Amino acid sequence: MFLTIAKLIFLFPISLVFSLLAFGSIPFDRKGDFFRWCPWMWSKCILWTFGIKVTVKGLENIDLNQPYIFVSNHASMADIPTVMVALNGKVNIVFKKELTWVPIWGWALRYGHFIMIDRSNPRDAMDSIERAVQTIRSGQSVILFPEGTRTNDGKLQPFKRGAFTLAAKSGVPVVPMIINNTFGIMPKGSLNVKRADISVELEKPIPTDELENKTDELELMDKVHKAIEKHYINQS
């Protein structure tokens, strides 16, 4: 625990610098390239500091210059830097409103190019979906964690429908993304960070341009859940 605290203290000024850079870039960085570069570099620093390695499989299935909706399981706070590193920073995260409470970094999240969703307010949640649609139509990818929150027991949870409503509205392919071996790094409710080797696997994109109704969305949700479940390692 002492070593974890020491590493967090080491990371504090680094996090502050990247937060300030990201926040300061917002008025000038219309496409968000520099804004996304900041969390990408920040994520690399975090993983390096804690001795965490990320191995990615399936990059040949996608073109990072094309927009996708990445859909991933969520087991740990380590998933966020893992995603940024695995996708070379070329993705916008759809994140929960509570993260904006973090000073400076939270401000960058609230006003930057990532997409905030307030799950307690259905109208705001739909507004977030519409913003995500516009982000995708501008040629950028987004990632969502459809379980809604991190797993408490290391098992894959049921999915919520939002990611698949977004797929229906945007018409771009959905890429199932499987992250394994993060649950033990920093479980929910713990501040102790352990070394680990994380594996990320990208399934082939699933077309969504023919989704027409709620039934189609639910079928897609089931298909993506099964694709992730097929590769997911129970981490309980």
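Some notes on this structure:
- Checked against the criterion of being in contact with a helix residue (DSSP H, G or I) (Cβ under 8 Å, 6 or more places away or on another chain), of a type outside the set (Ser, Thr, Tyr) and in contact (Cβ under 8 Å) with a residue 24 or more places away in the chain, the candidates Ala227, Ala132 yield just one match: Ala132.
- Tally of residues being within 15 Å of the chain's Cα centre (by Cα) and within 19 Å of Leu87 (Cα to Cα) across the stretch 137-159: 7
- Gly32, sole failed condition from (1) surrounded by 14 or more Cβ atoms within 10 Å (Cβ to Cβ); (2) in contact with a Pro (Cβ under 9 Å, 6 or more places away or on another chain): (2)
- Pairs where the first residue, in the stretch 64-82, is farther than 26 Å from Gly171 by Cβ and the second is among the small types (Gly, Ala, Ser) and part of a loop (DSSP other than H, G, I, E, B), C-beta under 7 Å, 6+ apart: Ala75/Gly154
- Val94 being part of a helix (DSSP H, G or I), farther than 18 Å from Ile206 by Cα, touching a Phe, Trp or Tyr at 6+ places or on another chain (Cβ under 8 Å) and of a type in the set (A, V, I, L, M, F, W, C): no
One line per residue, one yes/no per condition, for (1) out of contact with any Cys (no Cβ under 9 Å at 6 or more places or on another chain); (2) not in a helix (DSSP H, G or I):
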{"residue": "Ile5", "(1), (2)": "yes, no"}
{"residue": "Leu16", "(1), (2)": "yes, no"}
{"residue": "Leu21", "(1), (2)": "no, no"}
{"residue": "Gly24", "(1), (2)": "yes, no"}
{"residue": "Pro27", "(1), (2)": "yes, yes"}
{"residue": "Lys31", "(1), (2)": "yes, yes"}
{"residue": "Trp42", "(1), (2)": "yes, no"}
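- Of the residues making up the stretch 69-91, just one is among the charged types (D, E, K, R) and assigned to a loop (DSSP other than H, G, I, E, B), namely Lys90.
Each value in this text was obtained by applying a stated rule to the coordinates, not by laboratory testing. The model shown is predicted, which means the values in this text are computed figures rather than measured ones. A quick note on method: Cβ atoms are made from the backbone with ideal geometry, for glycine too, and the neighbour counts reach across all protein chains shown.
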